[in-house]
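The values are calculated or read from the model by the stated rules, or taken from the named source; none is laboratory data. A quick note: this is a predicted structure, and the numbers were derived from the prediction, not measured. Note: ideal-geometry Cβ built from the backbone for every residue, glycine included; neighbour counts use all protein chains shown.
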Amino acid sequence: MYEGTTMKLFSFLKPGFAAAILFLPLSGLAVGVAPQLPDPGNTGVTKEQQEQLGQQAVAEVYKQMPVLADSSAEAKYVQQLGKKLVAVIPQQFSWPFQFHVIAQKEINAFALPGGPIFVNIGTITAATSEAQLAGVMAHEISHVYMQHSIKQMKKQQTQQGIFGILGAILGQGGGVASTLGQLGLNIGQGLLSLKYSRSDEAQADSVGAIIMYKAGYDPVAMAQFFQTLVEQGGSSGPNFMSDHPDPGNRVASVQKEIQNWPPATFQNNNTEFLKVQKQAAGVRAYTGQEIAQGAQSGAWARQNQQSGSIPANVQGAVNAGAGNLANVSFSQVKPSSTYTQTQNSLLTISYPNNWQISAADNGQGLTIAPPAGMSQGAVAYGAVINALSDAGSSSLDAAAKNLVAALQQSNPGLRASGSLAGIKVNGIEGRSIEMLGNSPIQQNGKPAQERDWLIALARPSGGLLYIVFIAPESTFGQLRSTFQRMLESTRLR
């Protein structure tokens with residue numbers, strides 16, 4: 001009865017004030033002992049296996065997403081905050097946690113088996129206090145602590161199946177990219193996140209609340225941040241909620257859990273938070289669509305290499321995909337003189353029948369390349385095709401300039417070798433430009449020079465369709481006639 005009266009009172013108060021009232025030693029309310037973290041249990045998968053699994057997945061993140069260098073102010077701040085939260089975990093249950101920041105606009109964060117945690121820059125800019133950011137991180141720490149990823153695998157696989165997947169990922173057969181999907185990892189659309197159940201989410205809230213309380217942060221701030229995402233919907237909520245399903249009544253559930261905990265004075269370290277948040281607002285961040293497109297062309301692996309973002313312990317795994325392209329000869333990628341045709345919702349196009357097509361995660365874009373000319377999402381020879389529904393301008397010239405600028409921002413070292421010129425492709429108005437950058441092909445330990453021919457076409461339905469023809473500078477001339485024939489065969493739909 002007392003609990004109901006208390007919760008009824010909270011419904012008339014602002015969330016922040018309710019959270020403060022919650023920790024006053026109200027008359028007649030018994031004050032319990034400080035909460036303790038639960039025993040996470042035994043999954044049957046060793047810590048070493050989980051850590052190795054996590055490191056394999058980390059390598060995929062650095063191939064698929066733009067990650068800030070750990071030396072950046074934003075990453076240092078997140079690491080410092082993460083260290084403060086992790087310090088309250090008993091050593092026997094802890095993991096080698098690591099914290100990194102992804103340059104993505106949308107609000108999200110995700111944890112990988114064994115301790116790696118990634119926080120989007122959009123989460124830093126969206127939080128209203130350090131306590132809210134700490135809440136998101138405590139929630140992700142809890143997923144690792146409770147080993148939710150491995151437990152989800154056990155629900156979906158037999159014991160033999162679990163170790164079969166682990167064996168493949170840990171080098172006993174198969175590749176990482178081909179098996180990540182079986183773990184529920186979603187690489188498409190700039191996301192690499194485990195799919196949790198609602199019960200996992202509720203438990204991560206509960207354990208996260210304990211971590212926050214012990215670290216000196218108001219646990220209600222975590223629930224309020226997630227509740228805000230649910231209420232906002234639109235552009236803020238779905239990205240996070242797609243892999244963190246709302247267990248419902250988060251604020252009420254957290255308030256109920258903590259109501260008998262001893263009173264505490266919570267930290268309000270917002271000075272440093274606001275400083276870093278202001279810096280984060282100035283960081284070049286990308287949308288999920290931009291990240292998916294960059295991953296397809298291998299842009300993020302190159303950018304992360306050049307910015308020094310990739311930790312030394314995963315450098316080799318990230319390099320592995322590009323290493324397969326080191327000794328590609330022209331005879332291995334030489335196009336056939338026989339062409340075949342494909343079509344999707346964007347276009348119809350013909351291409352050499354000894355080249356292959358792979359579809360982008362958005363179901364529209366295409367990569368057309370010789371099998372030997374691409375590896376782990378990096379394209380060294382071929383064509384990448386996609387569309388922008390919102391090109392940032394109604395003017396074709398301005399939209400094409402925006403596209404070029406975005407490509408240059410996401411590909412350090414990419415430079416124009418000419419200027420935008422008018423072009424028509426089967427009656428459709430467009431713009432064309434050639435650029436020089438770094439190829440995923442390595443020569444003497446360094447990237448070979450690459451030539452990229454970009455064509456941006458005005459779509460009848462609005463926006464742009466773009467085609468980027470790609471080859472090392474040394475062989476681009478030999479492929480130009482093939483690229484020209486493919487372009488001439490293009491019909492927009």
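With respect to GLY377, is the statement that it is under 26 Å from GLY288 (Cα atoms) and at pLDDT 85 or above true?
Details: under 26 Å from GLY288 (Cα atoms): yes; at pLDDT 85 or above: no.
No; evaluated as a whole, the condition is false for this residue.
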Exercise. Find all pairs meeting these conditions: Cβ atoms under 6 angstrom apart; at least six residues apart or on different chains; first residue within the range 440-463 and part of a strand (DSSP E or B); second residue among the hydroxyl-bearing types (Ser, Thr, Tyr).
Key: PRO447/SER439; ALA448/SER439; GLU450/SER439; ILE455/SER432; ALA456/TYR466
Quiz item: How many of the residues in the range 49-80 are in contact with a helix residue (DSSP H, G or I) (Cβ under 7 Å, 6 or more places away or on another chain) and closer than 20 Å to GLY294 by Cβ?
Solution: 13
Quiz item: Among the residues of the range 61-75, is there at least one that is of a type outside the set (D, E, K, R), surrounded by 16 or more Cβ atoms within 10 Å (Cβ to Cβ), under 26 Å from LYS214 (Cα atoms) and in contact (Cβ under 8 Å) with a residue 24 or more places away in the chain?
Solution: yes
Self-check item: Which numbered condition PRO96 misses (of (1) buried (at least 24 other Cβ atoms within 10 Å of the Cβ); (2) outside any helix (DSSP H, G or I); (3) touching a residue at least 40 places away in the same chain (Cβ under 8 Å))
Solution: (1)
Quiz prompt | Neighbours by Cβ (under 7 Å, 6+ apart or cross-chain): first from the range 216-227, within 10 Å of VAL254 (Cα to Cα); second among the basic types (Lys, Arg) | solution = ALA223/ARG250
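Inside the range 254-307, counting only helices (runs of 4 or more DSSP H) that do not spill past its ends, which hold 2 or more residues that are modelled with pLDDT under 85 and assigned by TED's automatic domain parsing to the domain that holds GLY208? Write out each step before concluding.
Details: elements: 270-281, 288-297, 299-307.
In the range 254-307, there are no helices (runs of 4 or more DSSP H) which contain 2 or more residues that are modelled with pLDDT under 85 and assigned by TED's automatic domain parsing to the domain that holds GLY208.
Given the options ILE428, ILE455, name the one that is farther than 23 Å from TYR286 by Cα and β-branched (Val, Ile, Thr).
Working: ILE455 fails: farther than 23 Å from TYR286 by Cα.
One residue alone meets the criteria, ILE428.
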Exercise. Those residues that are farther than 19 Å from MET65 by Cα and either outside the structural domain of ALA215 (by TED's automatic domain parsing) or modelled with pLDDT under 85 (or both), I need them from the range 242-253; list them, please.
Key: HIS244, PRO245, ASP246, PRO247, GLY248, ASN249, ARG250, VAL251
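This table checks each residue for (1) under 30 Å from ASN268 (Cα atoms); (2) out of contact with any strand residue (DSSP E or B) (no Cβ under 6 Å at 6 or more places or on another chain); (3) not in a loop (DSSP other than H, G, I, E, B).
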residue: GLY44; (1), (2), (3): no, yes, no
residue: LYS63; (1), (2), (3): no, yes, yes
residue: VAL88; (1), (2), (3): yes, yes, no
residue: HIS100; (1), (2), (3): yes, no, yes
residue: PHE118; (1), (2), (3): yes, no, yes
residue: ILE150; (1), (2), (3): no, yes, yes
Quiz item: Residues in the range 407-429: is at least one out of contact with any strand residue (DSSP E or B) (no Cβ under 8 Å at 6 or more places or on another chain) and either part of a helix (DSSP H, G or I) or surrounded by 14 or more Cβ atoms within 10 Å (Cβ to Cβ) (or both)?
Solution: yes
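Scan the range 117-127 and tell me whether some residue there is over 19 Å from the mean Cα position of the chain (by Cα), in the same structural domain as GLN56 (by TED's automatic domain parsing) and surrounded by fewer than 21 Cβ atoms within 10 Å (Cβ to Cβ).
Start the filter on the range 117-127 by keeping residues that are over 19 Å from the mean Cα position of the chain (by Cα), which leaves none.
No; the residues of the range 117-127 include none that is over 19 Å from the mean Cα position of the chain (by Cα), in the same structural domain as GLN56 (by TED's automatic domain parsing) and surrounded by fewer than 21 Cβ atoms within 10 Å (Cβ to Cβ).
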